Amino acid sequence: MSLRIVFAGTPDFAARHLQALINSEHHIAAVYTQPDRPAGRGKQLQASAVKQLAEQHNIEVCQPASVKSDEAQQQLAQFNADIMVVVAYGLLLPVAILETPRMGCINVHGSLLPKWRGAAPIQRSLQMGDAETGVTIMQMDIGLDTGDMLHTSACAIEATDTSASLYDKLAQLGPQALLEALNGLAAGTLQAIAQDDAQATYASKLTKAEANINWQLSAEQIDRNIRAFTPWPGSQTKMGEHLIKVHAAHPVAKQHSTAPGTILAASKEGIDVATQNGALRLIKIQLPGKKPLAVADVLNSRADWFAPGLCFALPESQS
C-alpha cells in the first residue's frame with residue numbers, strides 16, 4: 001500500500017532519507033525544511049540539502065519559521081497526508097501538528113532508544129564508550145524522543161569511529177529502517193513497543209567548552225572524546241601560547257609517573273602524552289593558521305614545540 005507522506009527535514013542526513021522515499025512506492029505530497037540560511041565566505045543564502053533535493057524532483061517545499069501558528073497547521077492539513085516523516089527537521093512540533101496526519105508523525109532518531117534521547121545521540125554514545133548504536137523509527141508524541149518504537153537497526157561502534165563516520169553509518173541504516181517501518185505501518189503488521197523510561201539516558205547538546213582536552217582523564221576517555229567531538233566542536237589543547245587542534249590520537253600502553261599533559265616522547269610515530277591513566281599518542285594535529293598534518297610532518301618544522309618534558313596546558317589554564 002502506498003502512503004501519502006509529508007516529509008520534514010533539513011541536513012544531508014535527512015536528504016538521504018528523503019531520497020529513499022522518493023525512490024519508493026510512496027508519494028511525497030510536500031517537504032518541510034528550515035528557511036534558507038547565510039553560508040560560506042560571502043554569507044549568501046543557501047538552501048538546505050532537503051530543499052535542494054525536493055526541488056530537483058518538483059516537490060512542493062514549505063519553509064515556515066514556526067509551525068505553531070494556525071496558518072501553518074491549516075497548510076499541513078491541506079496536504080491530506082497519511083503520515084508525516086520527520087528527520088532532523090530542527091523545529092519542535094506542537095500537538096496539533098502531531099495529530100494532523102491520519103497516522104500521526106514518525107521520527108528517525110540516531111540512537112537505540114531509550115538510550116540517548118536528545119540533541120547529540122551519536123556523539124554521546126561514542127563518548128561514553130558504547131559498543132553499538134543505531135537508529136530507531138519512533139512514533140512521535142509530545143515528549144522528547146519518548147514515543148513508541150516502531151523499528152530499530154543497530155551497528156557496531158569501532159575503535160576508530162568518529163562522530164562523522166558514525167553519522168555516515170547511520171545515514172546508511174536509517175533509510176532502509178524507515179522504509180521497513182512505513183511498509184509495516186501501511187500493511188498493518190507493525191507492533192509498536194513502548195520505551196522503558198527507567199532505561200533512558202539523555203544526550204545533551206555539545207558545547208565549545210568541551211573542546212579543551214582534559215589530560216587528567218584516562219587515555220581511553222580522552223581518545224573517545226576526541227573522536228566524539230570530530231568534526232565539531234573539535235578538540236584542542238595549548239602548548240605555551242600556541243593553540244593546538246588534535247584531529248586523531250589513540251591510547252598506547254605506556255606506564256609513567258609523570259604529571260598529566262607532559263610529553264613523554266615525540267617521534268614520527270606520534271607524540272606520546274601522559275594522562276591520568278596511561279598515555280595518549282597524538283598522530284594528526286593542526287598548528288595555528290595551518291592545515292591538519294601527520295605528526296611526523298609537524299615535527300619536521302616544529303620539533304622544539306613538542307620536546308619531551310614540555311607540558312600541555314590543563315583545562316583550567318587553557319582559556
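If you check Ser153, Ser204 for being in contact (Cβ under 8 Å) with a residue 24 or more places away in the chain, touching a Gly at 6+ places or on another chain (Cβ under 8 Å) and surrounded by fewer than 16 Cβ atoms within 10 Å (Cβ to Cβ), only one passes: Ser204.
The set of residues in region 33-71 that are among the small types (Gly, Ala, Ser) and on the phi < 0 side of the Ramachandran plot comprises Ala39, Gly42, Ala47, Ser48, Ala49, Ala54, Ala65, Ser66, Ser69.
Just so you know, in region 70-116 the residues that are within 19 Å of the chain's Cα centre (by Cα) and over 16 Å from Leu150 (Cβ atoms) include one that is surrounded by the fewest Cβ atoms within 10 Å (Cβ to Cβ), and it is Leu92.
Every residue, every condition in (1) in contact (Cβ under 8 Å) with a residue 60 or more places away in the chain; (2) under 16 Å from Ala88 (Cβ atoms); (3) of a type in the set (Lys, Arg), yes or no:
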{"site": "His26", "(1), (2), (3)": "yes, no, no"}
{"site": "Ala29", "(1), (2), (3)": "no, no, no"}
{"site": "Pro38", "(1), (2), (3)": "no, no, no"}
{"site": "Lys43", "(1), (2), (3)": "no, no, yes"}
{"site": "Ser48", "(1), (2), (3)": "no, yes, no"}
{"site": "Lys51", "(1), (2), (3)": "no, yes, yes"}
{"site": "Asn58", "(1), (2), (3)": "no, no, no"}
{"site": "Ala65", "(1), (2), (3)": "no, no, no"}
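Out of everything in region 9-45 that is of a type in the set (S, T, N, Q) and modelled with pLDDT of 95 or more, what residue ends up being most open to solvent (accessible area, probe 1.4 Å)? Top of the filtered list is Asn23. Exactly one residue out of Gln276, Gln286 is within 20 Å of Ala211 (Cα to Cα), in contact with a Lys or Arg (Cβ under 6 Å, 6 or more places away or on another chain) and surrounded by fewer than 18 Cβ atoms within 10 Å (Cβ to Cβ): that is Gln286. Within region 262-290, no residue that is farther than 16 Å from Glu220 by Cβ and part of a strand (DSSP E or B) sits with its Cβ atom under 9 Å from a residue that is at pLDDT below 95 and open to solvent by less than 20 Å² (accessible area, probe 1.4 Å) at 6+ positions apart or across chains. Exactly one residue out of Gly234, Gly240, Gly309, Gly278 is under 28 Å from Leu206 (Cβ atoms) and out of contact with any helix residue (DSSP H, G or I) (no Cβ under 7 Å at 6 or more places or on another chain), and it is Gly240. When Glu210, Glu220 are checked against the criterion of being acidic (Asp, Glu), out of contact with any Asp or Glu (no Cβ under 7 Å at 6 or more places or on another chain), modelled with pLDDT of 95 or more and open to solvent by 10 Å² or more (accessible area, probe 1.4 Å), Glu220 stands alone in meeting it. When Gly270 is tested against (1) of a type outside the set (S, T, N, Q); (2) touching an Asp or Glu at 6+ places or on another chain (Cβ under 9 Å); (3) at positive phi; (4) open to solvent by less than 10 Å² (accessible area, probe 1.4 Å), just one condition goes unmet, and that condition is (2). Being surrounded by fewer than 20 Cβ atoms within 10 Å (Cβ to Cβ), touching a strand residue (DSSP E or B) at 6+ places or on another chain (Cβ under 8 Å) and among the β-branched types (Val, Ile, Thr) is the filter here; which residues of region 126-149 pass it? Correct list: Thr146 only.
Considering region 223-240, and only residues there that are of a type in the set (Lys, Arg) and open to solvent by less than 50 Å² (accessible area, probe 1.4 Å), the residue that is farthest from the chain's Cα centre (by Cα) turns out to be Lys238. For region 303-319: of the residues being surrounded by 14 or more Cβ atoms within 10 Å (Cβ to Cβ) and not aromatic (Phe, Trp, Tyr), which is farthest from the chain's Cα centre (by Cα)? So, considering only residues that are surrounded by 14 or more Cβ atoms within 10 Å (Cβ to Cβ) and not aromatic (Phe, Trp, Tyr), the one farthest from the chain's Cα centre (by Cα) is Leu310. When we screen Leu185, Leu190 for residues that are over 19 Å from Pro11 (Cα atoms) and either assigned to a loop (DSSP other than H, G, I, E, B) or touching a helix residue (DSSP H, G or I) at 6+ places or on another chain (Cβ under 6 Å) (or both), the only hit is Leu190.
The values are calculated or read from the model by the stated rules, or taken from the named source; none is laboratory data. Note that this is a predicted model, so its numbers are computed, not measured. Cβ coordinates were reconstructed from backbone atoms using ideal geometry, including for glycine residues, and neighbour counts include every protein chain displayed. Just so you know, the surface numbers come from the protein's heavy atoms only, side chains and all, with ligands and any DNA or RNA stripped out. Shrake-Rupley method; radii C 1.70, N 1.55, O 1.52, S 1.80 Å.
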